[in-house]
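Peer 1: Starting off with a structure, shown below.
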Amino acid sequence: MRGRLARSFVLYNESMSRQATSHGAKTRTAILQTAADLASVDGLDGLSIGRLATELAMSKSGLFAHFGSKEDLQLATIEEARQRYAREVITPARAAGSGITRLYALCEAFLSYLERAVFPGGCFFASAMAEFDGKAPGPVRDRIAHCQDQWMNTLESTAQHAQERGELSTGSDPRQLAFELEAALLSANWYFHLFSDATYLDRARRAVRARLASEATPAGLSLLPPDPQSQ
């Protein structure tokens, strides 16, 4: 266990400030914002210069000038999605506090991100994982896996910090806890969108709190929100 947790963590970074000043940079930003929205619904392989040109009322040649290939477009779209995810999920959770408070806040920020339809097709990375998990390794698949690993490392390191603060029991396995929390979040994403039913988000909130409460020390339990089922 000690050896596994001693490995190097690559965490989600807070979104970097990006101020497009030139006309070309602003156009590229607009293209990628639209591409990320479309890919969350139609998939990264569903992206095409023709579809983007229609959506943005641009010429195909104008779009080609920004990206040398479809793969370049896909990789840039993933980075746009990663920045949006960091801005909408990671940044607010970091502002919420540390330890178990932040761990709960990361899960709540993810559910809020679904609820607010930050991407029209639900979680961009859940869609991308489902699309590429069975495909051969390559730059696009590898980049998706890297982003997902960043997210899992963020959950795990936050759980480990909560454990060090005495908010999770010494017998808690931070990686296992991160995996189980992620399972609840991904299930919420798919069921919420498939059935258009927000009660699945509430079910995930209850599952997250119950899982954290089961590992929490008295000090950690006092930092969790009240159990909604007891109210």
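Peer 1: I need the shape label for the stretch 88-162. Rule: rounded when a/c is under 1.5, else prolate if a/b > b/c, else oblate, with a, b, c from the alpha carbon gyration tensor.
Peer 2: Since a/c reaches 1.5 but b/c is at least a/b, the shape of the stretch 88-162 is classed as oblate.
Peer 1: Right, next: Mean separation of Cα pairs under 8 Å and 6+ residues apart, divided by the residue count of the stretch 51-180: what relative contact order is that in percent?
Peer 2: The value is 24 percent.
Peer 1: How large, in Å, is the stretch 70-225 by the Kirkwood hydrodynamic radius built from its alpha-carbon pairs? Could the numbers behind the result be given before it?
Peer 2: Numbers: mean 1/r = 0.0621 Å⁻¹.
Taking the inverse mean of 1/r over all distinct Cα pairs, the stretch 70-225 comes out at 16.1 Å.
Peer 1: Which percent of Cα-Cα pairs in the stretch 34-117 sits in each 5 Å bin, short to long?
Peer 2: Answer for the stretch 34-117: a P(r) of 3, 14, 19, 18, 13, 11, 10, 7, 4, 1, 0 percent.
Peer 1: What's the longest uninterrupted piece of the chain once you rule out the trypsin sites (Lys or Arg not before Pro) that are loop residues per DSSP with at most 12 other Cβ within 10 Å?
Peer 2: It works out to 19-115.
Peer 1: At a Förster radius of 22 Å, what calculated FRET efficiency corresponds to the Cβ-Cβ distance of Ser187 and Val41, to the nearest 0.05?
Peer 2: E(calc), rounded to 0.05, equals 0.65.
Peer 1: If each residue's Cβ is checked for other Cβ atoms within 10 Å, how do Thr54, Thr91 rank with the fewest at the top?
Peer 2: By the 10 Å Cβ count, ascending, the order reads Thr54, Thr91.
Peer 1: Checking the cross-link filter: which lysines have an alpha carbon closer than 23 Å to that of Lys135, excluding same-chain neighbours under 8 positions apart?
Peer 2: Lys70
Peer 1: At a Förster radius of 45 Å, what calculated FRET efficiency corresponds to the Cβ-Cβ distance of Ser98 and Ser69, to the nearest 0.05?
Peer 2: For R0 = 45 Å, the calculated efficiency reads 0.60.
Peer 1: Run the numbers for Leu221 and Asp133: contour at 0.36 nm per residue of separation, minus the present Cα-Cα distance, in nm.
Peer 2: That works out to 28.0 nm of additional length.
Peer 1: Suppose each label sits 7 Å from its Cα in the direction of the beta carbon; what would the Glu79-Asp202 distance come out to in nanometres?
Peer 2: For Glu79 paired with Asp202, the spin-label model returns 4.2 nm.
Peer 1: Rounded, prolate or oblate: pick one for the stretch 72-111, where a ≥ b ≥ c are the square roots of the eigenvalues of its C-alpha gyration tensor, a/c under 1.5 means rounded, and failing that, prolate if a/b is larger than b/c, else oblate.
Peer 2: It comes out prolate by the Cα gyration axes.
Peer 1: Moving to a separate point now. What FRET efficiency comes out for the pair Glu164/Gln229, r = Cβ-Cβ distance, R0 = 25 Å, nearest 0.05?
Peer 2: 0.25
Read-outs throughout are calculated quantities, based only on the coordinates presented, and are distinct from any laboratory measurement. In this text, all values refer to a predicted model and were calculated from it rather than measured experimentally. All Cβ positions, glycine included, derive from the backbone under ideal geometry; neighbour counts span all protein chains shown.
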